[in-house]
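Accompanying notes for the structure given below.
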Amino acid sequence: MGSNPEMEKVVVEEDVKLEELPSALLATIMTKLDIASICSLASTSSTFRSCAKQILSFLSNFHLLEIAPSGELLRPLLPPNPYLKTLKVDCARLDDSAIPFLVKPSLHDLCLHNCADFSGKLLSQIGIQCKDLRFVFMLHYEMICLGLVLWYCCCYWFLLFTFTRSLYLGSVAEKRGRAIHISDLEDLLTGCSQLEALILMFDVSLFLRHNFAGVWASASENLTSLEIGYISSVTVTELLSPNLGSNQSLNPVQPSMLPSIQKLCLSVDYITDAMIGTISKGLVFLTHLDLRDAPLIEPRITFDLTNAGLQQINQHGRLKHLSLVRSQEFLITYFRRVNDLGLLLMEEKCADMESICLGGFCRVTDTGFKTILHSCSRLYKFKVTYGTQLTDLVFHDISATSLALTHVSLRWCNLLTNNAVFSLASNKELKVLDLRDCRSLGDEALRAIGTLPGLKMLLLDGSDITDAGLSYLRPSVINTLFALSLRGCKRLTDKCITALFDGCGVLELRELDLSNLPNLSDNGVLQLAKTRIPFFELRMRQCPLIGDTSIMALASMLVDEAIWHGSSLRLMDLYNCGGITQLAFRWLKRPYFPRLKWLGVTGSVNRDMVDALARSRPFLHVACHGEELGADPYDISDGLYTHDYDEVDEFEQWLLEADVDTEDEEMGDAEINEELIM
């Protein structure tokens, strides 16, 4: 009989294993993967392990933000590599000893999170070695309040897609005993002469104020974006003063210290007229201005924002994005010296604004807010927080304008009713709608929201909606949503799950907040598990009727036939859920919830079991003091979120080389101790 070429081809293809492919081809394939996936693949065979070691020496990008590796684990992953251009690492477990393998001369973009255990030497060495650096970015998720972290996250991702080369540094020297000197900053600014974007997410008052402003004279002429975690308004005024250091100059008017800045994002002690005036006059090319303050005491008039300060904004006419927010983190306080007149004066120079965020303007009424909406024809993002005098009338005739709003946030605007939402719903392009703590909104508002065809994020915390009202979100809106928050909607029950998801097909919903719902029980969570929606984040804190059954249901939830054990969840917040006992902790071990990185529980349930769980899963952040979870709650852009769930488990195993039996013994001992106590 003659041979069958097609059959021979099939046999050959079946005999060839992946690791038997040419090494060059394997290397090409593996370079398309992220770091976590490369390490996961390396754990499966000696061939892949050898290939992984080779490609780590010529990768151009290294991103590892989902976990915080120790120096021992990270060092072999960062061998000498002259081709490395971008480095992003969570440095929570690192210190100055990691500088030699983190700081590389070839880098263009450097992003280091949680650098609290580093000294100022980190800044100095970056300046000395990274001459081609364009982008520097540093952040610590416990730096300030969650709202401020979210604010900086939004700014960070804007920069990420805008600038190709930059530096980000977070929380440098925040631990006690870590020194940071003005000379370290000077080395950084002098050495990185090509820097385009600089993000220093820490308190720069750690530097001695003497000569702080003068050091910035050596900053890169290419620097177009600057963000600082905390700086005093007086220091900002000194830094940007056009006459700094020119007392003997015959020309009384000198250019600003940082003349090329286009984006300025600062958290300060007080937003003042003087600071606003200095920024507006000195930064000729400014297009983005984000200012946030959090006063410790009620500001005096010389340390506050007034109508006169607003009048100085956008003197050069280039400003597109403006954010002025007074936080109530330490004190219930507002911009009490600004009223409608201030917004009327500002409106004259802000007709081309595209994004406006105003927080804490308690004396501004409908007249002032309406002026903004009717004057800024290009506005697509409108955000107001603590608008204590904002009512439905602001949006009454919004359909008569040419506005095409895509982002609207009206948080803590308690005078709003369903009528305002009906008016807003005329903007069919809305993608984000934040109506948290607008307590007068009810089911009729949901009816209007149900007509928005492209809504991605809907936040309704504290509203007066019911289970029946949620059915208005089916079938169109629920199919497009990515994030939904119903926190504190006290009238909701288990039936809200059926009202939302009954009869729905494949959904894009990945973040769901059901916290503080007193009538949500295990039965509701069982219904949720049956939907098989692959949630990334699920928050159910402060739900007294949720117990062990909910954990078991979520742990066993099938996303599809190949992916199981609650594997899609990265964040699960169960803090102060009344029915959770030690039994639930058995379902929090591996292999359940393999991708879980953030877990909120009540530590008093059993402290030994909480500690044993933390030891058995060292890359799981276990919070038991009621803190809000998530370093970057709205960050879904990192490549680490693209690999398969099993690979995450293998990645941790590859890093830890852990003995699962030992972990089970620790959890078992904790359970035995609990039984003895009982």
With every protein chain in place, the range 492-533: carbon and sulfur % of accessible area (1.4 Å): 47
Cα gyration tensor category, rounded, prolate or oblate, for the range 386-522 with a/c compared to 1.5: oblate
Whole-Å distance, taken between Cα centres, linking the range 504-546 and the range 420-498: 16
Integer Hz, Karplus 6.51/-1.76/1.60 couplings in order for the range 307-313, x for Gly and Pro: 4, 5, x, 4, 5, 7, 5
Using θ = phi - 60° and Karplus 6.51 cos²θ - 1.76 cosθ + 1.60, couplings along the range 360-368 (whole Hz; Gly, Pro as x): x, 8, 6, 9, 7, 9, 4, 4, x
Additional length obtainable on full extension of the chain from THR451 to ARG532, 0.36 nm per residue less Cα span: 26.6 nm
Percent accessible area from carbon and sulfur atoms, the range 53-96, protein chains only, probe 1.4 Å: 55
Chymotrypsin sites (Phe, Trp or Tyr not before Pro) lying in DSSP loop within the range 15-103, provided at most 13 other Cβ fall within 10 Å: PHE58, TYR83
Residues LYS281 and LEU341, FRET efficiency given R0 of 22 Å [Cβ-Cβ distance, rounded to 0.05]: 0.55
Restraint check, LYS263/LYS320; LYS456/LYS495; LYS428/LYS456; LYS495/LYS530; LYS263/LYS456; LYS281/LYS320, Cα-Cα greater than 18 Å: LYS456/LYS495; LYS263/LYS456
Accessible area of the range 287-420 divided out per residue, in Å², using a probe of 1.4 angstrom: 40
Length gained when the stretch ARG474-ALA308 is fully extended (0.36 nm per residue, less Cα-Cα span): 54.9 nm
Gyration tensor (alpha-carbon) shape descriptor, the range 70-116, a/c threshold 1.5: oblate
Cα→Cβ-extended label distance, 7 Å offset, between THR190 and THR388, nm: 5.1
Probe 1.4 Å, accessible area per residue of the range 460-523, Å²: 36
FRET efficiency, 1/(1 + (r/R0)^6) with R0 25 Å, evaluated for CYS362 and ASP502 via beta carbons: 0.05
Label zone at GLU429, where the point sits 7 Å out along the Cα-to-Cβ direction: the range 447-482 residues whose backbone N lies under 16 Å: 452-456
The range 289-448, accessible surface, carbon-and-sulfur percent (1.4 angstrom probe): 52
Cα-only radius of gyration and Dmax that characterise the range 387-466, units Å: 11.4, 34
Stokes-Einstein D in µm²/s, Kirkwood radius over Cα pairs - the range 342-400 at 20 °C with 1.002 mPa s viscosity: 185
Distance-filtered residues of the range 528-559 - backbone nitrogen under 17 Å, label point 7 angstrom along ASN519 Cα→Cβ: 543-546
Label point distance in nm, THR417-GLU20, each placed 7 Å from Cα along Cα→Cβ: 7.6
Gain on full stretching of the segment that runs from ASN61 to ASP352 - 0.36 nm per residue minus C-alpha separation: 101.0 nm
Computed E for THR581/SER70 - FRET, C-beta separation, R0 22 angstrom, nearest 0.05: 0.10
Amide proton proximity set for GLY359, modelled H, under 5 Å, gap of 5+: LEU324, VAL325, ARG326, THR385
Pairwise label distance in nanometres, SER556 with ARG49, each label 7 Å out on the Cα-Cβ vector: 3.7
Descending semi-axes in Å of the range 454-494, equivalent ellipsoid built from Cα gyration tensor: 18, 12, 7
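The values are calculated or read from the model by the stated rules, or taken from the named source; none is laboratory data. In this text, all values refer to a predicted model and were calculated from it rather than measured experimentally. Note: ideal-geometry Cβ built from the backbone for every residue, glycine included; neighbour counts use all protein chains shown. In case anyone asks, the SASA skips ligands and DNA or RNA and just uses the protein heavy atoms, side chains included. Shrake-Rupley method; radii C 1.70, N 1.55, O 1.52, S 1.80 Å.
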